[in-house]
Amino acid sequence: MKKKISLKSTLLLSLILYTFIFISYIYSNSENSFKKVYHILPHALEEMEDARYASFLEKTFNKAYEDNPVLVIVEIDTPGGELISTLKIKNLIQQYGRNTLCFINKNAISAGSLIALSCDKLVMAQGAVIGGATPVLPDAKEGMKKAPEKVVSVARAAWRSTAESRGKNAEIAEAFVDENLILTKSKHGIDKPKGTLLTLSTKEAVSLRIADYEANSINEILEKENLTDSKVVVFKPDFIDKLLGFFLHPAVSGILIGLGFLGLLYEIKVPGWGIPGTLGILFLSIYFISRIMVGVSGWEAPALFALGILLLLLEVFVIPGFGIAGLTGAICILGSILWSYGIDNFEEGLWVTAFALTGTIALTALLAKYLPAIAKKNTSFFLNETLNKDPEEMGERKLKKLLNKEGVSETVLRPSGIIKVEGKKIDAVSAGDFIEQGQRVKIITVEGHRVVVEKIS
């Protein structure tokens, strides 16, 4: 017989349930009722204002749009950075349109001074400096050289307009960039002769109303802003940010490109598809995707690279020799890498590409020298079909004498492989379709060490 639940018990259970829901709601609202302050730590990747930092800030500000903190503090300690990325960062801060404060704990040199000026308030720690912002470009002879007037003019206008938008002295800001601008104490509050860049200490910046006030810690800033009861949420680069920073380092980028080239070259040389080609595609994918993720490059660069690879494959497998398709493919590959760097870092792209190509050529030479010895040990890394049948090394003159000779395919030509002509084993490439093992073939082209054959039907 079922036991009936009394009305009193039902009411009691309902009361307990609703009390629990009410308490949970109150707790949840109390948790969200704190005034939140976002504290963005200085960029940990080389302390430079670059595409990685711009990507990190964009992600943080997107979060701020949702969370709506009462203040976003951007802490800065930087010797400078890229102009294009700095302008992007400035736009991010200004477009945010809510309370922002820049805290210079040590240095806001060059690009850092523009980021500092773009915030609603600027606060400097004792002993900090701001200024010295003439744009420079890398130079092979001098290391760094002053950028052309066209670039300086853009920077000058950016510093001036940013200062004006925040109600700060525009001429002082412009003097950070323009060494030819003359300032006088009577008119501007500080002397700056022609031919020098303006850099300010904390006290000078406060007295000239570039900085709003001096503070030596985040807690001191919160006191002055009457936000001591707020909850500070700290933002710093996470694992993905650091990983992207590692991949975007010029040396690492060069290694990724070089290893990618090496893997693809191996697959063109050896029949079939194996681990080297897969790794090559993986390395190149990491290179391009990391640049896309931080906003340095779009999908156009990897698309151009893929087109270049297709044209090279067409040249190797379909139209033997090195003609228009091969040359165009090589130009597309080179252009894709330079494109992935953008105009602002074009020279860095040239250096990285040169480094990658030099490394690829050196490694290819080493592998060409030592791979035959490794192959004889039947290492599983390579195809057994190739290892068991080593071709004979022949000079160009001897190979020329084999033109129009007939032989037999020792391995499958897909399209490259090994043939046997007059008792000699030779590396060869099929002129058209794949050729099965044991087929009669004829040598139709000899270009250097490249032997092209066709199947005899």
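Do any residues in segment 433-453 that are under 18 Å from V412 (Cβ atoms) have Cβ atoms under 8 Å from those of residues that are among the basic types (K, R) and assigned to a loop (DSSP other than H, G, I, E, B), where the two are at least six apart or on different chains, and which pairs are they?
Final answer for the pair search is F434/R414; K442/K405; I443/K405.
Only one of these is small (G, A, S), out of contact with any Pro (no Cβ under 7 Å at 6 or more places or on another chain) and buried (at least 24 other Cβ atoms within 10 Å of the Cβ): G80, G112. Name it. Lay out the reasoning, then the answer.
Working: G80 fails: buried (at least 24 other Cβ atoms within 10 Å of the Cβ).
Step by step, each of G80, G112 is checked, and only G112 is small (G, A, S), out of contact with any Pro (no Cβ under 7 Å at 6 or more places or on another chain) and buried (at least 24 other Cβ atoms within 10 Å of the Cβ).
Given the conditions (1) at pLDDT 65 or above; (2) touching a helix residue (DSSP H, G or I) at 6+ places or on another chain (Cβ under 9 Å); (3) surrounded by fewer than 20 Cβ atoms within 10 Å (Cβ to Cβ), report the number of the one that N99 does not fulfil.
Going through the list (1) at pLDDT 65 or above; (2) touching a helix residue (DSSP H, G or I) at 6+ places or on another chain (Cβ under 9 Å); (3) surrounded by fewer than 20 Cβ atoms within 10 Å (Cβ to Cβ), N99 breaks only (2).
List every residue pair whose Cβ atoms lie under 7 Å apart, where the two residues are 6 or more positions apart in sequence or sit on different chains, the first residue falls within segment 184-207 and is assigned by TED's automatic domain parsing to the domain that holds I104 and in contact (Cβ under 8 Å) with a residue 60 or more places away in the chain, and the second residue, located anywhere, is crowded, with 16+ Cβ neighbours inside 10 Å and among the polar types (S, T, N, Q).
Short answer, once both residue conditions are applied: L197/T134.
Being closer than 24 Å to P135 by Cα, touching a Leu at 6+ places or on another chain (Cβ under 9 Å) and of a type outside the set (S, T, N, Q) is the requirement here; does D212 meet it?
Numbers: closer than 24 Å to P135 by Cα: no; touching a Leu at 6+ places or on another chain (Cβ under 9 Å): yes; of a type outside the set (S, T, N, Q): yes.
In short, no.
When segment 172-214 is examined, which residues are found to be more than 34 Å from the chain's Cα centre (by Cα) and among the aromatic types (F, W, Y)?
Scanning segment 172-214 gives a single hit, Y213.
Consider W273 against the criteria (1) under 27 Å from the mean Cα position of the chain (by Cα); (2) of a type outside the set (D, E); (3) at pLDDT below 80: it satisfies all of them except one. Which criterion is unmet?
It fails just one condition, (1).
Counting only residues that are farther than 19 Å from L350 by Cα, at pLDDT below 75 and not aromatic (F, W, Y), how many does segment 227-261 have?
7
Output the number of the condition that K106 fails; it satisfies all remaining conditions of (1) at pLDDT 85 or above; (2) crowded, with 24+ Cβ neighbours inside 10 Å; (3) outside any helix (DSSP H, G or I).
(2)
Being out of contact with any helix residue (DSSP H, G or I) (no Cβ under 6 Å at 6 or more places or on another chain) and in contact (Cβ under 8 Å) with a residue 12 or more places away in the chain is the filter here; which residues of segment 225-239 pass it?
E225, L227, D229, S230, K231, V232, V233, V234, K236, listed by residue number.
Six or more apart or on different chains, Cβ under 6 Å: which pairs go from a residue in segment 349-368 that's assigned to a helix (DSSP H, G or I) to one that's surrounded by 15 or more Cβ atoms within 10 Å (Cβ to Cβ) and aliphatic (A, V, I, L, M)? Could you list them?
Qualifying pairs under 6 Å: G349/L338; T353/I337; A356/I257; T360/L262; L363/L262.
Only residues in segment 77-103 that are closer than 17 Å to H39 by Cβ count as the first member; pair them with residues that are charged (D, E, K, R), Cβ under 6 angstrom, at least 6 apart or cross-chain, and list the lot.
Taking only residues 6 or more apart or on different chains, the pairs are D77/K106; T78/E47; T78/E49; L92/E58; N99/D120; T100/D120; L101/K121; F103/E75.
The values are calculated or read from the model by the stated rules, or taken from the named source; none is laboratory data. Keep in mind that what you see is a predicted model, and the values were worked out from it rather than measured. Ideal geometry is used to build each Cβ from the backbone, glycine not excepted, and the neighbour counts take in all protein chains shown.
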